[in-house]
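Structure first, then comments.
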Number of protein chains: 2
Amino acid sequence: MLSACVWFSALASTAAVPAEGVPASTNIPEAAYPCVNEKSQATFRLHAPSASDVKLDICGKKYDMTRNADGNWSVTTQPLVEGFHYYFMIVDGVPVTDPASETFYGCGRQASGIEIPESAEASAYYTFNKDLPHGQVRECRYYSDIEKAQRRCYVYTPAGYETDSSRRYPVLYLQHGMGEDERGWHQQGCMADILDGQIAAGKCEPMIVVMDYGNCGYIFGARKGETRDEFGASFTPIMLNELIPYIDSTFRTLTDRENRAMAGLSWGGHETFQTTLYNLDKFSHIGSFSGALFFLAGGLENAYNGIFKDSKAFNDKVHTLFLGMGSEEGFGSDKISKALNDAGIKHVYYTSPGTHHEWLTWRRCLNEFLPLIFKQN
Amino acid sequence: MLSACVWFSALASTAAVPAEGVPASTNIPEAAYPCVNEKSQATFRLHAPSASDVKLDICGKKYDMTRNADGNWSVTTQPLVEGFHYYFMIVDGVPVTDPASETFYGCGRQASGIEIPESAEASAYYTFNKDLPHGQVRECRYYSDIEKAQRRCYVYTPAGYETDSSRRYPVLYLQHGMGEDERGWHQQGCMADILDGQIAAGKCEPMIVVMDYGNCGYIFGARKGETRDEFGASFTPIMLNELIPYIDSTFRTLTDRENRAMAGLSWGGHETFQTTLYNLDKFSHIGSFSGALFFLAGGLENAYNGIFKDSKAFNDKVHTLFLGMGSEEGFGSDKISKALNDAGIKHVYYTSPGTHHEWLTWRRCLNEFLPLIFKQN
């Protein structure tokens, strides 16, 4: 009884080398398609002899795929922005994952993903480097009394954590975006490679990074009838009352506010502001990557209990306030930066050239953010 | 630019509670279907208004799904064997994953999976228990000079590993099956819960468990034209020359043969025999779960350079030889056990009642195997 799997079914044939480009790094082993050419065009293929219509949905555009005599549907895209993109195939109207792709939790479900490679030089900071010491990403489970359920977080420990058993480390809490989960920064964001590289080069302080589920990973249906204001809000009390104590009792952390940072992308940036700006006794470094986009609506001076009204007090207390966004997003982090400037609030504003609301923006944001934090150590 | 994702799209509606049963634990957050009733029947649903034909493929059987006026296709299965099953939906002839399911690497690709619950009592040994100390599963990356590439392994460290920084531990190398990868034992096999429970209860020795990729995780196309004899054979030299040295230099391990075990399921059982029986200077505990099924063909006395010919020497050297299988498999581990008995080779043979070639068989096998190994400590 072999379930849905078939043994030895394809062992007779060798995986074809595609003519259209190089197999994507995000493919499963031995899958020739999708592949990417030197113009950043990707060619996708799906064997679907009985389907009437197959489309590719990537980067906000739907491409019609063409069927050949063997029942293989294929399409080559326009040049795509470099970096990581979610995608789906649409088979007779149903969005499905590509069997040739690794899956990534995004879009409120498991999605296909493709990495469009940058140059070796540009991608070096988020690429595995065999010559560096490597940290570990640990999956940890803890019980939440608030949720009455098991929760899972991922914890990056730097290479030195294993070899120096007395050293304590500052902690960055790093949040994913809407429709994603605690796996996002590790799998789509390449955070371990970014940290490994910066720590080895002395660009950032050795630190622990904690990635938990922000309770905003679904778009299928609302939880308990949540409104937009409530969406993901259940995470903050869990983080403050359960996650931080769990981390501080399990790992060799530095536990004062000077040594605790929080950052997040998109909705995770919103959660970061919601969590840190009401709890500055616990955090002194804050980052929002393409996030916290709507709080200006009521006026800067009214936001977060008026925290921005006293710029001197704010600037004394918050050692890092970082805002980043992609140049192609058009979402409004630039407006927030302008309002903060007008109010005399010190911050760093970064724009990722040529990128949208997507993971290459956020890898770059993390890369810019890390050297700024925990400088006092 | 929001890629394939849509913000806020479904926040207005609350996820429905299904009438047919309880949402499966393997669903993504807020997904009501698939759900399971008290007779272990599962009900699946897919929104596919434009599809002409939708089937469910689970446990070796294809079910026709029925379309309702809203374009939702659904089916309720016959009672399913308890435990974890891979499944696919077949949309107009194309096997696809269910958007409502978490994905699991199996069948040579990312597959949907569903957990059919056992009773609380029966499933306790592989279920998260909030009252126990918990180990961690660490993702570690190392460079393989043999493959000229980065490799990934998962390493379970027991709860005490963090608190007693001088203790050294025995190591179990635990392999997945064909079409799976290094994630299988952790995600489908619940190995961390099994270890946490047994260690807390004093049923097995505290140990480190290493799960690497056996290079047999694809069925899409053969690698470099591999024959069946070569399939996955590239893993053994990597394990012996790169993985074991990496583990022994990174973790606090006991490095003698008395403290090193290897076990695997299905093709991983074959890899276990291929690796250990030619290298008994490095291993003294061996487990094969529904695996190593074909080696009797040439006669027991000729297998593995004749290792089974001298039963006394074998029994002195191999402290644990464990064979397990599901009662419904009909594959032949029982024949191997009989041949070993006839040859005077000491071993333990276990049959999992009512289960097929599937993960509940292997969870049970691991649960039986763990108390047998590292007893000399």
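The values are calculated or read from the model by the stated rules, or taken from the named source; none is laboratory data. As the structure is a prediction and not an experimental result, all values here were calculated from the model. Neighbour counts run over all protein chains shown; Cβ positions are idealised from the backbone, glycine included. Areas reflect the complete protein model, heavy atoms only, side chains present, ligands, DNA and RNA absent. Shrake-Rupley method; radii C 1.70, N 1.55, O 1.52, S 1.80 Å.
Quick one: is B:GLY287 within 21 Å of the chain's Cα centre (by Cα) and modelled with pLDDT under 95?
Working: within 21 Å of the chain's Cα centre (by Cα): yes; modelled with pLDDT under 95: no.
So B:GLY287 fails the test.
Among the residues of segment B:109-143 satisfying the criterion of being among the aromatic types (Phe, Trp, Tyr), over 23 Å from B:PHE251 (Cα atoms) and open to solvent by 20 Å² or more (accessible area, probe 1.4 Å), which is farthest from the other protein chains (Cβ to nearest Cβ)? First the steps, then the outcome.
Taking segment B:109-143 first, the residues among the aromatic types (Phe, Trp, Tyr) are B:125-126, B:128, B:142-143.
So of that shortlist, the ones also over 23 Å from B:PHE251 (Cα atoms) come out as B:125-126, B:128.
The next check asks that each one be open to solvent by 20 Å² or more (accessible area, probe 1.4 Å); those that pass are B:125, B:128.
Details: B:TYR125: 16, B:PHE128: 5 Å.
Ranking the candidates gives B:TYR125 first.
Any residue in segment B:32-40 that is modelled with pLDDT under 50 and either away from chain A (no Cβ under 11 Å) or assigned to a loop (DSSP other than H, G, I, E, B) (or both)? Outline the logic, then answer.
So in segment B:32-40, the residues modelled with pLDDT under 50 come out as none.
No, segment B:32-40 contains no residue that is modelled with pLDDT under 50 and either away from chain A (no Cβ under 11 Å) or assigned to a loop (DSSP other than H, G, I, E, B) (or both).
Does B:SER327 meet the test of being under 19 Å from B:THR355 (Cα atoms) and surrounded by fewer than 20 Cβ atoms within 10 Å (Cβ to Cβ)?
Spelling it out, B:SER327 is indeed under 19 Å from B:THR355 (Cα atoms) and surrounded by fewer than 20 Cβ atoms within 10 Å (Cβ to Cβ).
Which residues, counting only those in segment B:41-80, are in a strand (DSSP E or B) and charged (D, E, K, R)?
Of segment B:41-80, the ones in a strand (DSSP E or B) are B:42-47, B:54-58, B:61-64, B:66-67, B:72-76.
Answer for segment B:41-80, where residues must be in a strand (DSSP E or B) and charged (D, E, K, R): B:ARG45, B:LYS55, B:ASP57, B:LYS61, B:LYS62, B:ASP64, B:ARG67.
Which of the residues that make up segment A:303-316 are in contact with an Asp or Glu (Cβ under 9 Å, 6 or more places away or on another chain) and of a type outside the set (A, V, I, L, M, F, W, C)?
The answer is A:LYS309, and nothing else.
Considering only segment A:226-246, state which residues are buried (at least 17 other Cβ atoms within 10 Å of the Cβ) and β-branched (Val, Ile, Thr).
Matches in segment A:226-246: A:THR236, A:ILE238, A:ILE244.
Can you report the number of residues in segment A:199-218 which are modelled with pLDDT under 95 and open to solvent by 30 Å² or more (accessible area, probe 1.4 Å)?
Of the residues in that region, 0 qualify.
Against the definition (under 20 Å from the mean Cα position of the chain (by Cα) and under 27 Å from A:SER333 (Cα atoms)), how does A:GLY232 come out, yes or no?
On the way: under 20 Å from the mean Cα position of the chain (by Cα): yes; under 27 Å from A:SER333 (Cα atoms): yes.
In short, yes.
Taking only pairs six or more apart or across chains, which ones have beta-carbon atoms under 6 Å, a first residue in segment B:144-160 that is closer than 26 Å to A:SER249 by Cα, and a second residue that is surrounded by fewer than 17 Cβ atoms within 10 Å (Cβ to Cβ) and modelled with pLDDT of 95 or more?
So the pair list comes out as B:ALA159/B:PRO133.
If you check A:SER166, A:SER249, which single one turns out to be surrounded by fewer than 21 Cβ atoms within 10 Å (Cβ to Cβ), out of contact with any His (no Cβ under 9 Å at 6 or more places or on another chain) and in a loop (DSSP other than H, G, I, E, B)?
Sole residue among the options that is surrounded by fewer than 21 Cβ atoms within 10 Å (Cβ to Cβ), out of contact with any His (no Cβ under 9 Å at 6 or more places or on another chain) and in a loop (DSSP other than H, G, I, E, B): A:SER166.
Under the condition of being crowded, with 16+ Cβ neighbours inside 10 Å, modelled with pLDDT of 95 or more and farther than 21 Å from B:ARG109 by Cβ, which residue from segment A:41-73 is farthest from the other protein chains (Cβ to nearest Cβ)?
The qualifying residue farthest from the other protein chains (Cβ to nearest Cβ) is A:GLN41.
Out of all the residues in segment A:79-122, which are of a type in the set (Gly, Ala, Ser) and within 24 Å of A:ASN215 (Cβ to Cβ)?
Residues of segment A:79-122 that are of a type in the set (Gly, Ala, Ser), as a first pass: A:83, A:93, A:100-101, A:106, A:108, A:111-113, A:119-120, A:122.
Within segment A:79-122, A:GLY106, A:GLY108, A:ALA111, A:GLY113 meet the criteria.
Give me a count of the residues in segment B:182-198 that are open to solvent by 10 Å² or more (accessible area, probe 1.4 Å), more than 21 Å from B:LYS130 (Cα to Cα) and either within 11 Å of chain A (Cβ to nearest Cβ) or not in a loop (DSSP other than H, G, I, E, B) (or both).
1
If you go through segment A:252-282 one residue at a time, how many are crowded, with 20+ Cβ neighbours inside 10 Å and outside any helix (DSSP H, G or I)? Steps first, please.
Within segment A:252-282, the subset crowded, with 20+ Cβ neighbours inside 10 Å is A:259-273, A:275-277.
Filter again for outside any helix (DSSP H, G or I), leaving A:260-266, A:277.
So the answer is 8.
Counting only residues that are of a type outside the set (A, V, I, L, M), within 18 Å of A:TYR213 (Cα to Cα) and touching a Lys or Arg at 6+ places or on another chain (Cβ under 8 Å), how many does segment A:158-175 have?
1
Tell me whether segment A:344-356 contains one or more residues that are open to solvent by less than 50 Å² (accessible area, probe 1.4 Å), among the polar types (S, T, N, Q), within 14 Å of another protein chain (Cβ to nearest Cβ) and within 27 Å of A:ASP181 (Cα to Cα). So that I can check it myself, show each step before the final result.
Within segment A:344-356, the first condition is being open to solvent by less than 50 Å² (accessible area, probe 1.4 Å), and the residues that meet it are A:344-345, A:347, A:350, A:352, A:354-356.
Within this subset, residues satisfying the condition of being among the polar types (S, T, N, Q) are A:352, A:355.
With the extra rule that they be within 14 Å of another protein chain (Cβ to nearest Cβ), the set shrinks to A:352, A:355.
After this cut, where a residue has to be within 27 Å of A:ASP181 (Cα to Cα) as well, the list is A:352, A:355.
Checked segment A:344-356: at least one residue is open to solvent by less than 50 Å² (accessible area, probe 1.4 Å), among the polar types (S, T, N, Q), within 14 Å of another protein chain (Cβ to nearest Cβ) and within 27 Å of A:ASP181 (Cα to Cα).
Could you check, for segment A:300-318, whether at least one of its residues is part of a strand (DSSP E or B) and crowded, with 19+ Cβ neighbours inside 10 Å?
For segment A:300-318, residues part of a strand (DSSP E or B) and crowded, with 19+ Cβ neighbours inside 10 Å: absent.
Return the residues of segment B:148-158 that are assigned to a loop (DSSP other than H, G, I, E, B) and either facing another protein chain (nearest Cβ under 10 Å) or exposed (fewer than 13 other Cβ atoms within 10 Å of the Cβ) (or both); say none if nothing qualifies.
At the first step, the residues of segment B:148-158 found to be assigned to a loop (DSSP other than H, G, I, E, B) are B:148, B:158.
Within segment B:148-158, just B:LYS148 meets the criteria.
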